[in-house]
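Structure first, then comments.
Coordinate-derived values only; no laboratory data. Just so you know, these numbers come straight off a predicted model, no measurement behind them. For neighbour counting, all protein chains shown are included, and Cβ atoms are generated from backbone atoms with ideal geometry for every residue, glycine included.
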Amino acid sequence: MSDLPTSPVAGDIAAFNKDGLKKAETQEKNQLPSSDDVKQEKTHQGVLAGVEAKPKLRHAETDEKVVLPSADDVKQEKDRQSLLSDVETGADLKKVETNEKNSLPDNDAIAAEKKEVELRSGIEGFNKENMKKSDTQVKQVLPDKETIEQERRTSVTE
């Protein structure tokens, strides 16, 4: 305590009574890294060291493979270019008249469509209330219990 400077605060510190303080447990909040974190950091450091060390590189030959267009492709491109240049310059374009042809359906098609329209209107306009009520009669006779039992017995014995 002789190392403390002589000041009024230093005297208060030396005279402080520690018995009035409460006991407290220290909790460390700075956790150590896990083994996975350490491995990842070492790998990262290794990569950085390898990059900084300027590894020896080997010379490699490169082959450029350029695909040239076929004769058809060249011909199509030339035709397209000449067509575009002709359109831009307005070279020798001819006047053309457009004839619109609207073919009407023949009589058979008209009759078939008319028949279909009449059929649909007949179905849609059908009045169900004019129909007579009828009772359904079942004419199929079902076998009685004795017949069923007898058939079961014969099917089991076979």
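To the nearest 20 debye, what charge dipole does the chain have about its Cα centre, counting +1 at the Cβ of each Lys and Arg and -1 at the Cβ of each Asp and Glu?
Computed about the Cα centre, the dipole is about 540 debye.
Indicate the gyration tensor shape class of the range 96-158 (rounded, prolate or oblate), computed on the Cα atoms with a ≥ b ≥ c the square roots of the eigenvalues: a/c under 1.5 is rounded; otherwise a/b larger than b/c is prolate and the rest oblate. Each step should come with its number before you reach the end.
Working: a/c = 7.98, a/b = 2.65, b/c = 3.01.
Cα axes put the range 96-158 in the oblate bin.
Counting pairs of Cα atoms in the range 44-129, how many percent are more than 18 Å apart? Show your work: numbers first, answer last.
Values: 2959 of 3655 pairs.
For the range 44-129, the fraction of Cα-Cα distances above 18 Å is 81 percent.
If I model a spin label at residue 139 and residue 118 as a point 7 Å from the Cα along the Cα→Cβ vector, what separation in nanometres do I get?
3.6
Compute the angle between helix 35-52 and the longest alpha-carbon principal axis of the chain, please, reported from 0 to 90 degrees and rounded to the nearest 10.
Around 90 degrees separate the two axes.
Using alpha carbons only, how many degrees (0 to 90, rounded to 10) separate the axis of helix 107-124 from the longest principal axis of the chain?
70
To the nearest 10 degrees, how steeply does helix 71-89 sit against the main Cα axis of the chain, on a 0 to 90 scale?
Roughly 80 degrees between the two axes.
Per residue of the range 137-145, in order, report the coupling 6.51 cos²θ - 1.76 cosθ + 1.60 (Karplus, θ = phi - 60°) as ³J(HN,Hα) in whole Hz, putting x for Gly and Pro.
10, 8, 9, 8, 9, 8, x, 7, 5
Given 20 °C and 1.002 mPa s, how large is the Stokes-Einstein diffusion coefficient of the chain in µm²/s, with Rh as the Kirkwood radius over Cα pairs?
D = 61 µm²/s.
Among the GluC sites (Glu not before Pro) in the range 1-106, which ones are in a DSSP loop with at most 16 other Cβ atoms within 10 Å of the Cβ? Mind listing them?
When the GluC sites (Glu not before Pro) of the range 1-106 are filtered for loop state and at most 16 Cβ neighbours within 10 Å, 25, 28, 61, 64, 97, 100 remain.
Counting only trypsin sites (Lys or Arg not before Pro) that are in a DSSP loop and have at most 16 other C-beta atoms within 10 Å, tell me the longest site-free stretch of the chain.
102-131
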